[in-house]
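What follows is calculated from the coordinates using simple rules that are stated; it is not laboratory data. No experiment lies behind these values; they were computed from the predicted model shown. Cβ: placed from backbone, ideal geometry, glycine included. Neighbour counts: every protein chain shown.
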Amino acid sequence: MNQPAASVRNHCLSPARVRAAIDAPIAAATYGRMFRELPSFEADEQFLHAMGRAGGLCDCGATDDSPASLGESAAGWPIFGQFVAHDITADRSVLRSHTNTADLRNARSPQLNLECLYGDGPIGHPFLYQRNDPAKFLLGLDGADLQRNAEGIAVIGDPRNDSHMLMSQLHLAMLKAHNAFVDEARLAGAANDRVFEEAARQLRWHYQWIVLNEFLPALVGQTLANQVLREGPQWFRPGPAGFIPLEFADAAYRYGHAQIRHRYQLNRQTDPVPLFPDLLGFRPVPREHLVDWTLFFDAPGATSAQRSKKIDGRLVRALIQLPVAVTGECEIEDYHSLAVRDLQRGQGVGLPSGEAVARHIGIVPLTEEQVGLASTGWHGETPLWYYVLREADACTGGHRLGPVGGRIVTEVLVGLIDADATSYRQGN
């Protein structure tokens with residue numbers, strides 16, 4: 001069996017870059033449009049803020065989780081979905097009323113390649129890896145947490161994965177999975193200079209398979225997932241370079257904000273706690289907050305996991321009043337609401353209305369009553385993000401995305417994986 005070799009540190013940079021042509025660009029990728037021909041939705045910003053702030057339509061209030069408020073999806077899938085978002089998108093532009101989308105840059109490659117995990121690999125980011133075994137990730141004390149600096153900030157490939165303790169522990173689980181694949185590769189006789197690449201490939205392929213065969217069917221339904229997997233995307237054309245549609249990044253894929261519960265049972269010894277402030281990240285994870293993942297994902301032989309909140313257009317108070325540690329200091333108080341930020345982002349980049357997208361792809365739009373904005377005095381069309389949430393409630397009871405949101409999310413995830421020549425769908 002091949003043993004760890006301290007001298008073997010000739011891995012290239014990130015798994016994505018090692019396979020790129022020598023003259024391939026390494027700058028940030030751009031965002032793009034899925035429905036370029038559709039006009040932008042516009043509404044008064046005060047109306048959007050009134051929708052999203054505390055006490056508005058998007059606010060669940062201070063109630064607790066109940067059987068009526070919970071959906072069919074296990075509570076871990078929205079957290080996994082956030083991990084996927086961090087893997088393929090990183091828009092570092094500031095919130096503003098009108099954004100020049102040509103200037104937007106995605107700091108992530110538009111591939112589900114775990115760039116948020118691997119960074120630039122053992123050569124480019126050696127601080128992520130073990131000194132004496134650079135094929136493996138460096139973990140925190142006893143492997144119970146991420147490695148952290150003197151101030152408790154996680155030393156990882158994407159700092160957003162330390163924003164709350166559910167994310168940081170999911171990131172940790174992925175690091176451990178890679179390390180397990182390293183051991184497996186060595187047992188299979190892989191050469192020392194191939195172990196890292198083989199383990200990374202195995203983890204990427206398992207991750208991509210889970211996205212398309214477990215995560216996606218639970219989110220959009222097996223019928224739509226199977227159709228797009230079989231026939232390919234109808235509206236999303238990523239091209240050879242790939243891109244992330246703004247309709248996906250700034251609207252449809254933000255569905256998960258509505259699935260966050262009021263409280264989470266982390267393990268079988270402690271009481272349920274809210275995401276914020278109790279699970280605020282950027283600090284070590286205390287033992288009482290260690291996650292038992294069988295409480296978040298349905299596992300063979302285990303009792304059913306907690307369920308996520310229904311997708312119904314309302315966010316829990318923890319997301320309506322985000323802590324400063326997450327948002328930074330905000331001159332506009334309403335920007336502490338994630339709903340306001342979602343609505344503002346969609347209008348800022350000029351997304352079309354939900355009704356316009358529905359008509360364009362041949363779906364009968366929701367009625368004014370189904371959307372539910374008339375009670376506020378608004379009789380225009382609907383911001384795409386909010387439309388996707390209300391559509392899920394109107395069409396599936398909040399258990400899954402509806403036809404517009406489901407189509408956008410499915411086509412982008414399938415399209416990105418199929419456009420990647422190294423994905424499990426393209427490999428042998």
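Full extension from GLN222 to LEU290: what is 0.36 nm times the residue separation minus their Cα-Cα distance, to one decimal in nm?
21.2 nm
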Karplus 3J(HN,Hα) series, Hz, for the range 399-405 with 6.51 cos²θ - 1.76 cosθ + 1.60 (x for Gly, Pro): 7, 8, 5, x, x, 6, x
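Have a look at the DSSP beta bridges in the chain and tell me what percent are antiparallel, nearest 5.
On the way: 11 of 14 bridges.
So the antiparallel bridges in the chain amount to around 80 percent.
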Name the residue farthest towards the positive end of the dipole of the chain from the options ALA394, LEU219, THR376, assuming +1 on Cβ of Lys and Arg, -1 on Cβ of Asp and Glu, about the Cα centre. LEU219
For percent of Cα pairs over 27 Å apart, with candidates [x] 55; [y] 52; [z] 48, the value calculated from the shown model is option [y]
Between ASN132 and GLN269, what is the spin-label point distance in nm, taking each point 7 Å from the Cα along the Cα→C-beta axis? 2.9
Among the lysines, which have Cα under 26 Å from the Cα of LYS176 when same-chain residues fewer than 8 positions away are ignored? LYS136
Obtain the nm distance between the two label points defined at THR303 and THR327 by a simple spin-label model: each point lies 7 Å from its Cα along the Cα-to-C-beta direction. 3.7
Test of understanding: what is the full-extension gain from ARG230 to ALA173, defined as 0.36 nm times their sequence separation minus their Cα-Cα distance? 17.4 nm
Residue by residue through the range 115-125, the couplings from Karplus 6.51 cos²θ - 1.76 cosθ + 1.60 with θ = phi - 60°, in Hz, x for Gly and Pro, are 4, 5, 8, 8, x, 9, x, x, 7, x, 10
Applying 1/(1 + (r/R0)^6) with R0 = 22 Å to the Cβ-Cβ distance of ALA374 and GLU45, what FRET efficiency is obtained, to the nearest 0.05? 0.65
Only Lys, Arg (+1) and Asp, Glu (-1) charged, at Cβ; the range 29-423 dipole about Cα centre in debye: 440
Any chance you could run the full-extension gain for HIS125 through GLN426? It's 0.36 nm times the residue separation minus the Cα-Cα distance, nm to one decimal. 105.5 nm
